[in-house]
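Worksheet: the structure to be examined is printed underneath.
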Amino acid sequence: MSLVNLFDAASALPGAWSSRLLGEIGTASVKLLRMDGTPVREEAHGTAEILIVLDGRMELVVQGDPVAVGPGEMYRVPAGAAHAVGPGSHGTLLIVEVAEGD
C-alpha cells in the first residue's frame, strides 16, 4: 500500500458525511470522512467503531449521554450502542470499524 495523506484524502471527498474506505486490517475497516457542521441522526451498528477526530470537533450523543471529542482524541462506540452526531461537528474524522471480540 502506498502512503496516504489523510488531509489530502479528506479534501478529495465528494462531500461531507461521505466516507472513503482507506483499507482493511483483518476484520477492521478504516474509513475517512469530513464533517460539515450538520447533525447526523441516531443510528446503531452491528460492529464497534473507534472515532478519531484528526481536526475540528465532534459532538456525540451516545446512549443519551453527550460526549465532545476534540482534535487528537478518540472515542469507542460499542457495537449496538445508539449514537448521533450533534450540530456543529466539523473537521476530519477517521473511523475504524471492528467486529466485537477483535
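Quick notes on this structure:
- Mean Cα-pair separation over length for the range 14-71, i.e. relative contact order, pairs under 8 Å, 6 or more apart, %: 21
- Think of the range 34-102 as a dipole: +1 on every Lys or Arg Cβ, -1 on every Asp or Glu Cβ, centred on the Cα centre; then among A81, L51, G91, G91 lies furthest on the positive end.
- Residue order for E24, E73 - accessible surface, 1.4 angstrom probe, largest first: E24, E73
- Solvent-accessible heavy-atom area per residue, rounded to whole Å², over the chain at 1.4 Å: 55
- Helical mean residue ellipticity (222 nm; -39500 (n - 2.57) per DSSP H run of 4+; nearest 500) of the chain: -1500 deg cm²/dmol
- Largest to smallest principal axis extent of the C-alpha atoms in the range 6-61, angstrom: 32, 28, 18
- At full extension, D55 and E43 could sit 2.0 nm farther apart than now, given 0.36 nm per residue minus the alpha carbon distance.
- Carbon/sulfur fraction of accessible area - the chain, other protein chains in place, 1.4 Å, %: 55
- Estimated distance in nm for a label pair at Y75 and S11, the labels positioned 7 Å out from Cα along Cα-to-Cβ: 2.8
- Diffusion coefficient of the chain by Stokes-Einstein, Kirkwood radius over Cα pairs, 4 °C, 1.567 mPa s: 94 µm²/s.
- The chain - percent relative contact order, Cα under 8 Å, separation 6 or more: 33
- Within the full protein context, the accessible area of H90 is estimated at about 90 Å² for a probe radius of 1.4 Å.
- The magnitude of the dipole of the chain, with charges of +1 and -1 set on the Cβ of Lys/Arg and Asp/Glu and taken from the Cα centre, is near 220 debye.
The values are calculated or read from the model by the stated rules, or taken from the named source; none is laboratory data. The structure presented is a predicted model; accordingly, all values stated were derived computationally and were not measured. Cβ coordinates were reconstructed from backbone atoms using ideal geometry, including for glycine residues, and neighbour counts include every protein chain displayed. Ligands, DNA and RNA are stripped out before the accessible areas are found, and what is left, the full protein with its side chains, is counted by its heavy atoms. Shrake-Rupley method; radii C 1.70, N 1.55, O 1.52, S 1.80 Å.
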